[in-house]
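The next block holds one structure in the form of structure tokens; read it before the comments.
Just so it is clear, none of the values below were taken in a lab; they were calculated from the coordinates. The shown structure was predicted, so the numbers you read here are calculated from the model rather than taken from an experiment. Methodologically, a virtual Cβ is constructed for each residue, glycine included, from the backbone with ideal geometry; neighbour enumeration extends over all protein chains shown.
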Amino acid sequence: MIKTNMAYYRLDEAIAICKPTEHVLACDTTKGNGMVGKKFFICPNLWTQLGDSTFNRLVRENGPHFYEILQPDRATRIFMDIETTNGVYERVKAGVDVLVKMIKMWMVHKEIPDVQPLHVLDSSNAKKCSFHIVGGPLLTNPYHVGALVRRLTCFIYSARYEETATPFDFETLFDNDGNYIVDEQIYTLNRQFRLSKMSKIGSDRTLNGCTTLESVLQNVEPSFVEGVDCLEIDDSTPSSTSKKATDLFSKVDDGWVRVAGVAMTMSKTKASLPQSLCKMRIWLDSWMGHGRITGCSFDILRGTYLLNTTCKKCWISNRMHKSNHTWLVINPWQRECIQKCFDENCARQHYVIPVPPDYWSTWAAYMDKDVDIGRC
Ligand SMILES: [Zn+2]
């Protein structure tokens, strides 16, 4: 028997029972002590008649305060939250239009057909400018939507500080105090996102701009289709994070590198050295005095470049090894280059390579390069 009336007071219980053909919805509720809490319901596929009638009944019985729970393993449409209590309405609205145009540019670049519209939902009042952008294509999961938003954010920040003319007024995305008005912290596990036509309990700000059904972000079986990938700006796979893009990435040469930690898996990725470090590579190749540099990978945990070599000349032990190779670590953040060694006696040690300071100077001038939206 389907107990669609049943309210859960713990999200994990509702998620444990939810089938792939169903949604978990959250609803604001007033508790005995007057505080606002949440209860959760399982609702059949909202695009079916049963789902529609169930949802309408839930709203009648519980009020128009419903949110969709965005589950991690489901294809998810784009969702963004833009809000400020310190902005000018018309200007914030213009900023929202900029974001919509940037999403469309990204779709063109990725050759994603523009089938499902992007809706701008508005729940602003005199005190607060508040918008949602919802819809567009399905991405792999909510974290990939987060990666897209971080890409856009990295683009906005880099374009903001460059003289290059862009078709956008990025200043509309910053409030009167210069704070970025896009909420980057919402791309986390089982995030709740308010549906259109709904308000928070006790608030008169109702989201308007499309139907409730048009604002549903995750599709469920049997119509489930896989979404498109949007990887992070350093091509790593996105995961749940509430970190801001500018805390995760920093611009280097013509690309972005990760500066904050991620999950411990997949910490090293194949990479090519940024342009500004290529001269250093040539210098290192001759400094080694034996063998050559054979490959490069990027350690996204530490933000360092690892260079494999065939060099057996070890500066740690100050001798030539018979079989062990050495390798090099370039840490641009510390302006340090070290030699490491596979020999067991050398394993925990390193040798600081005396790189002439000039080789760091092009690296230091990394902000004056253009960046195009395809890369971002
Ligand atoms: Zn050694």
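A few comments on the model shown:
- The Rg/Rh ratio for segment 51-132, using Cα coordinates for both the radius of gyration and the Kirkwood hydrodynamic radius, is 1.05.
- Surrounding net charge for ASN86, when Lys and Arg each add one and Asp and Glu each subtract one, Cβ distance under 13 Å: 0
- Neighbourhood net charge (9 Å Cβ-Cβ; Lys/Arg +1, Asp/Glu -1) for HIS321: +3
- Taking a sphere under 14 Å around the Cβ of GLY289 and counting the other residues whose Cβ falls inside, with K and R at +1 and D and E at -1, yields a net charge of +3.
- Each Lys and Arg Cβ is given +1 and each Asp and Glu Cβ -1; about its Cα centre, segment 6-47 then shows a dipole of about 100 debye.
- Dipole check for segment 72-224: with +1 at the C-beta of Lys and Arg, -1 at the C-beta of Asp and Glu, and the Cα centre as origin, the magnitude is about 380 Debye.
- Fewest-first ranking of MET102, MET320, using other Cβ atoms within 10 Å as the exposure measure: MET320, MET102
- For peptides 110-120, 227-237, sequence by mean Cβ density within 10 Å, most packed first: 227-237, 110-120
- Residue order, fewest to most beta carbons within 10 Å, for TRP315, TRP360: TRP360, TRP315
- Checked against a 21 Å cut-off, the cross-linked pairs LYS312/LYS340; LYS104/LYS128; LYS110/LYS197; LYS128/LYS243 give Cα-Cα distances beyond that limit for LYS104/LYS128; LYS110/LYS197; LYS128/LYS243.
- Looking at segment 19-102, the trypsin sites (Lys or Arg not before Pro) that sit in a DSSP loop and have at most 11 other Cβ atoms within 10 Å of their own Cβ are LYS31.
- This ranking places LEU139, LEU58 by how few other beta-carbon atoms lie within 10 Å of each, fewest first, which gives LEU58, LEU139.
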